[in-house]
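Notes follow the structure.
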2 protein chains.
Amino acid sequence: MIRALLFDVQGTATDFHSTVCDEATRVSAGRHPGAGWPELVRRWRAGYFAALRAPRGGGWVSVHSVYRRALDAALDDCGITGLSGADRDELTLAWRRLRPWPDVVPGLTRLKGAYTLATLSNADVSAVVDISKRAGLPWDAIFAAEMAGVFKPDAAAYRMAATYLGLRPAEIMMVASHKYDLRAAGGLGFATAFVARPLEFGAGGEADVAYSDEFDVNASDFLDLAAQLGC
Amino acid sequence: MIRALLFDVQGTATDFHSTVCDEATRVSAGRHPGAGWPELVRRWRAGYFAALRAPRGGGWVSVHSVYRRALDAALDDCGITGLSGADRDELTLAWRRLRPWPDVVPGLTRLKGAYTLATLSNADVSAVVDISKRAGLPWDAIFAAEMAGVFKPDAAAYRMAATYLGLRPAEIMMVASHKYDLRAAGGLGFATAFVARPLEFGAGGEADVAYSDEFDVNASDFLDLAAQLGC
């Protein structure tokens, strides 16, 4: 008996690729007309993932600072010069303004009548709050890795959310477009729903959208998820 | 420049006294027609406060368990017998079903366009989620003492909320009907708004509703607060 749904945000609920590409175009103000922003954003996101997986010393690092540092490396890799420090700071704020996929608000609205809806994001709490307020995402609660002091897929992040919801893992379904996230949750006893996001990395990207029997639900978007859950 | 409002929940946003009295009447099913539920709820709440202030050993205790234990003592004090363990468990759940004061939903709705709205409650996260979902309280985020591991008025609870909001204390206004809560927040540099709740302890209770210049705003309810903040 599922009582709550936990949602990944960056990629699953929001289209970071188009949002950040658009922001790069805006911030660069046409000074880099030939710049390959789609590839820049893919490398930027990959650099973020690598940083999250790297061993860290004590203390929490904000995801904003992780993105800021990863941007410099990604720009170098792409041979894009001429963005000032202020430009780079501004561009990094794009990750706090991610737009939802078009099915997200109507899908969540349908699901909200039957389930408690919460985020479980690796983004900073303040970023998830900003994204959600701007987009009108109707969460009942916002949980983020920052509250556990460790990033997904560390078990402590999922357990934190279950504790705060006051529910057993079997009463909670993790919803994500990333299989590593679902596998970690599933291994702890959470139900799992895979949502395919073929454009997660843009038109030229390679998103893993293959449905798999290892998940309890495979859905094409949040409206399909709502339909499969009887909402 | 205030960017976010932090709200106390039990008493400030919700009318615990009438909710819990009604639940006591329901759970006791007329078996205690002469029972003084208004006084029972006042003693129960006082017992909860005393427990929160008592020195604790290591580890977090859920507020649900604090209320459950305080109920036994309050019933004894009031000479009310005959409620079974199951009745007492059921009655304790009343604190997860608190009804908002009538100005709260319209007031928050007006404030939400201009400010980030979050809770900062000593209640369990899951209780605040349940109360808010049931009542349709339009928070942008739910923060609770449980996330800091200490209860208000410990400074770490307020600092946790500021960190998660990504804001400085001066950018945040604490809203409460309890002066100890506002004084703690104000001492850390938060702006403060006192909201008078004359019926917090019922018709026979003695709530402190005196406005004071020590707070940045004194308001009669959330609609008055919205008006004073220009919403």
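If we keep just the residues of the range A:168-219 that are among the aromatic types (Phe, Trp, Tyr) and part of a loop (DSSP other than H, G, I, E, B), which is farthest from A:Arg43 (Cα to Cα)? By that ranking, first place goes to A:Phe190. Can you tell me which residue within the range B:132-142, out of those that are within 14 Å of B:Thr12 (Cβ to Cβ) and in contact with a strand residue (DSSP E or B) (Cβ under 6 Å, 6 or more places away or on another chain), is nearest to the other protein chains (Cβ to nearest Cβ)? Ranking the candidates gives B:Trp139 first.
Aliphatic (A, V, I, L, M), under 23 Å from B:Thr163 (Cβ atoms) and modelled with pLDDT of 95 or more, is that true of A:Leu93?
Answer is yes for this residue.
Against the condition touching a strand residue (DSSP E or B) at 6+ places or on another chain (Cβ under 7 Å), in a strand (DSSP E or B) and on the phi < 0 side of the Ramachandran plot, how does A:Leu117 come out, does it pass? Considered against the rule, which asks whether it is touching a strand residue (DSSP E or B) at 6+ places or on another chain (Cβ under 7 Å), in a strand (DSSP E or B) and on the phi < 0 side of the Ramachandran plot, A:Leu117 comes out as yes.
Yes or no, residue by residue, for (1) away from chain A (no Cβ under 14 Å); (2) over 18 Å from the mean Cα position of the chain (by Cα):
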position	(1), (2)
B:Asp154	yes, no
B:Ala157	no, no
B:Ala162	no, yes
B:Pro169	yes, yes
B:Gly187	yes, yes
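When B:Asp76 is tested against (1) over 26 Å from A:Leu165 (Cβ atoms); (2) assigned to a loop (DSSP other than H, G, I, E, B); (3) more than 22 Å from the chain's Cα centre (by Cα), just one condition goes unmet, and that condition is (2). All conditions but one from (1) touching a Gly at 6+ places or on another chain (Cβ under 8 Å); (2) in contact (Cβ under 8 Å) with a residue 40 or more places away in the chain apply to B:Ala203; the one that does not is (1).
Could you say whether any residue in the range A:60-78 is within 13 Å of chain B (Cβ to nearest Cβ), among the β-branched types (Val, Ile, Thr), under 30 Å from A:Arg31 (Cα atoms) and surrounded by 22 or more Cβ atoms within 10 Å (Cβ to Cβ)? Yes, some residue in the range A:60-78 is within 13 Å of chain B (Cβ to nearest Cβ), among the β-branched types (Val, Ile, Thr), under 30 Å from A:Arg31 (Cα atoms) and surrounded by 22 or more Cβ atoms within 10 Å (Cβ to Cβ). Residues that are away from chain A (no Cβ under 12 Å) and more than 16 Å from the chain's Cα centre (by Cα) within the range B:90-131 comprise B:Glu90, B:Leu91, B:Pro106, B:Gly107, B:Thr109, B:Arg110, B:Leu111, listed in sequence order.
The values are calculated or read from the model by the stated rules, or taken from the named source; none is laboratory data. Since the model is a prediction, treat every value here as computed from it, not as a measurement. When we count neighbours, we look across all protein chains shown, and the Cβ atoms used for this are built from the backbone with ideal geometry, even at glycine.
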